[in-house]
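> Here it is: the structure, laid out below.
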Amino acid sequence: MKKPTPVPTAETQPFWSAAAEGRLIYQYCPVCKKAQFPPRHRCASCGQAEITWRESHGIGAVHSFTVVERASAPAFQDDLPYVIALADLDEGFRMMVTMRGCEPHQVQIGARIRVVFELGENTWPLPTATLLGEMLTFARLEPGRVYGRHTETIGQRLIDQWTALYPWDQPQGDRAPSGLTNMVGMRTYLLAMHPRPPGNVHASIKLRGARPLRIGARVSAEVSCSGKEEKGRRFVDFHVRGTDEEGHQVIDMELRLIWAQ
């Protein structure tokens with residue numbers, strides 16, 4: 001049985017459109033300087049009608065949570081038990097998320113989380129959250145382990161932002177600018193490998209041949225630790241691999257970093 005599908009309204013359509021691109025956005029009032037969520041047609045604090053949208057980094061902390069042990073509908077039966085949490089995002093707004101990738105006993109009030117969008121049976125990706133855990137020091141990194149995933153749509157907004165910064169890198173027919181492959185791969189690494197020690201240094205980046213990104217493609221990428229060694233300095237290798245919705249490999253990136261701690 002399929003799970004309920006969100007039905008966007010005039011107020012929420014920008015949020016769901018951004019979610020389809022893998023971005024978390026929220027409303028911000030330029031008058032009273034407050035963030036708000038869920039979206040409304042005006043500021044809930046001061047009544048200002050001119051509300052703006054801002055993009056969140058998706059990092060926050062658990063404010064409260066509940067463990068669901070009885071399904072509200074048959075479609076959720078296979079998920080039991082699961083955790084629904086209220087999360088306070090660092091930008092100053094609160095949202096409800098379903099926790100993924102952890103057991104209920106691992107969720108604690110105050111635990112740091114990252115919001116990720118989950119593709120499933122729904123037309124619109126749903127916001128979920130994963131625990132960030134402790135600082136990813138050299139000793140804790142495990143070769144062979146997948147540390148996170150990121151999904152992003154190569155939409156027109158992203159292309160416009162890229163070409164405004166790099167006007168020499170333009171789309172070619174239905175192919176997105178070539179530099180976006182590197183950008184999506186790096187964004188996957190930065191979002192997944194968190195929290196990282198401050199002071200890490202990028203030693204090298206290698207891009208192997210993969211199918212060019214198409215405009216409108218939905219890319220699902222994951223980052224794994226492919227090795228580490230200590231030779232005077234701490235070197236860590238990561239592999240970022242991404243595929244489009246048709247299963248074609250579009251990102252094949254190797255990163256080597258000098259790890260600070």
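The values are calculated or read from the model by the stated rules, or taken from the named source; none is laboratory data. Bear in mind that the values here come from a model prediction, so they are computed numbers and not experimental data. As a convention, Cβ positions derive from the backbone with ideal geometry for all residues, glycine included, and neighbour counts pool all protein chains shown. For accessibility, only protein heavy atoms count, side chains too; no ligands or nucleic acids. Shrake-Rupley method; radii C 1.70, N 1.55, O 1.52, S 1.80 Å.
> Which one of these is out of contact with any Ser or Thr (no Cβ under 6 Å at 6 or more places or on another chain), within 28 Å of G133 (Cα to Cα) and in a loop (DSSP other than H, G, I, E, B): P212, P177, P198? Can you show your working first?
Working: P212 fails: within 28 Å of G133 (Cα to Cα); P177 fails: within 28 Å of G133 (Cα to Cα).
From the options P212, P177, P198, the qualifying one is P198.
> So which strands (runs of 3 or more DSSP E) are wholly in the range 33-91 and hold at least 1 residues that are among the basic types (K, R) and either out of contact with any strand residue (DSSP E or B) (no Cβ under 8 Å at 6 or more places or on another chain) or within 30 Å of M193 (Cβ to Cβ) (or both)? Explain how you work it out, then say what you get.
Values: elements: 52-56, 59-68, 82-89.
By residue number, 52-56.
> Next question, about the same structure. Has the range 144-151 got at least one residue that is loosely packed, with under 15 Cβ neighbours inside 10 Å and either assigned to a loop (DSSP other than H, G, I, E, B) or among the hydroxyl-bearing types (S, T, Y) (or both)? Give the steps one after another, and end with the answer.
Filtering the range 144-151 for residues loosely packed, with under 15 Cβ neighbours inside 10 Å gives 144-146.
Now drop any that are not either assigned to a loop (DSSP other than H, G, I, E, B) or among the hydroxyl-bearing types (S, T, Y) (or both), which leaves 144-145.
Looking for residues that are loosely packed, with under 15 Cβ neighbours inside 10 Å and either assigned to a loop (DSSP other than H, G, I, E, B) or among the hydroxyl-bearing types (S, T, Y) (or both), one finds at least one in the range 144-151, hence yes.
> Collect the residues in the range 221-261 that are under 20 Å from the mean Cα position of the chain (by Cα) and open to solvent by 70 Å² or more (accessible area, probe 1.4 Å), keeping them in residue-number order.
Selection gives R241, E245.
> Which residue, of K2, K34, is open to solvent by 70 Å² or more (accessible area, probe 1.4 Å) and more than 30 Å from E222 (Cα to Cα)? Lay out the reasoning, then the answer.
Numbers: K2 fails: more than 30 Å from E222 (Cα to Cα).
Every option except K34 fails the conditions.
> Right, another one. Any idea which residue in the range 183-197 is farthest from A139 (Cα to Cα), counting only those that are in contact (Cβ under 8 Å) with a residue 40 or more places away in the chain and open to solvent by 40 Å² or more (accessible area, probe 1.4 Å)?
L191
> Checking the conditions here, which among V62, V68, V7 is over 19 Å from the mean Cα position of the chain (by Cα), under 24 Å from G133 (Cβ atoms) and of a type in the set (V, I, T)? Show your work before the answer.
Details: V62 fails: over 19 Å from the mean Cα position of the chain (by Cα); V7 fails: under 24 Å from G133 (Cβ atoms).
One residue alone meets the criteria, V68.
> Write out, first by first residue and then by second, each pair whose Cβ atoms fall under 6 Å of each other, whose residues are 6+ apart or on separate chains, and whose first residue, in the range 83-101, is under 15 Å from V116 (Cβ atoms) while the second is of a type in the set (S, T, Y).
Short answer, once both residue conditions are applied: L89/S56; V97/T128; T98/T128; R100/T128; R100/T130; G101/T130.
> Taking T151 as meeting all but one of (1) closer than 30 Å to P4 by Cβ; (2) touching a helix residue (DSSP H, G or I) at 6+ places or on another chain (Cβ under 7 Å), write down the number of the exception.
(2)
> Can you tell me which of L131, L119 is open to solvent by 60 Å² or more (accessible area, probe 1.4 Å) and either within 24 Å of E91 (Cα to Cα) or among the hydrophobic types (A, V, I, L, M, F, W, C) (or both)? Steps first, answer last, please.
Details: L131 fails: open to solvent by 60 Å² or more (accessible area, probe 1.4 Å).
Within the list L131, L119, the selection yields L119.
> Check off (1) of a type in the set (A, V, I, L, M, F, W, C); (2) surrounded by 12 or more Cβ atoms within 10 Å (Cβ to Cβ); (3) over 22 Å from P6 (Cα atoms) for C46 and give me the number that stays unchecked.
The number of the failed condition is (2).
> Would you say W162 is of a type in the set (A, V, I, L, M, F, W, C), more than 15 Å from the chain's Cα centre (by Cα) and assigned to a helix (DSSP H, G or I)? Before the answer, list the steps.
Values: of a type in the set (A, V, I, L, M, F, W, C): yes; more than 15 Å from the chain's Cα centre (by Cα): yes; assigned to a helix (DSSP H, G or I): yes.
Yes.
> Quick check on my filter: what residues within the range 152-182 are aliphatic (A, V, I, L, M) and either farther than 22 Å from E55 by Cα or surrounded by fewer than 20 Cβ atoms within 10 Å (Cβ to Cβ) (or both)? Please lay out each step first, then the result.
First, pick out the residues of the range 152-182 that are aliphatic (A, V, I, L, M): 154, 158-159, 164-165, 176, 180.
Scanning the range 152-182 gives I159, A164, L165, A176.
> Does L86 fit the bill of being modelled with pLDDT of 90 or more, open to solvent by 30 Å² or more (accessible area, probe 1.4 Å) and within 18 Å of the chain's Cα centre (by Cα)? Even if it seems obvious, please write down each step before you answer.
Details: modelled with pLDDT of 90 or more: yes; open to solvent by 30 Å² or more (accessible area, probe 1.4 Å): yes; within 18 Å of the chain's Cα centre (by Cα): yes.
Taking the combined requirement at face value, the residue satisfies it.
> Would you mind stating whether R40 is over 19 Å from P125 (Cα atoms) and either open to solvent by 50 Å² or more (accessible area, probe 1.4 Å) or modelled with pLDDT of 95 or more (or both)? Write out each step before concluding.
On the way: over 19 Å from P125 (Cα atoms): yes; either open to solvent by 50 Å² or more (accessible area, probe 1.4 Å) or modelled with pLDDT of 95 or more (or both): yes.
Yes.
> Scan the range 92-131 for residues that are touching a Lys or Arg at 6+ places or on another chain (Cβ under 8 Å), part of a strand (DSSP E or B) and of a type outside the set (S, T, N, Q) and report the count.
Residues meeting the conditions: 4.
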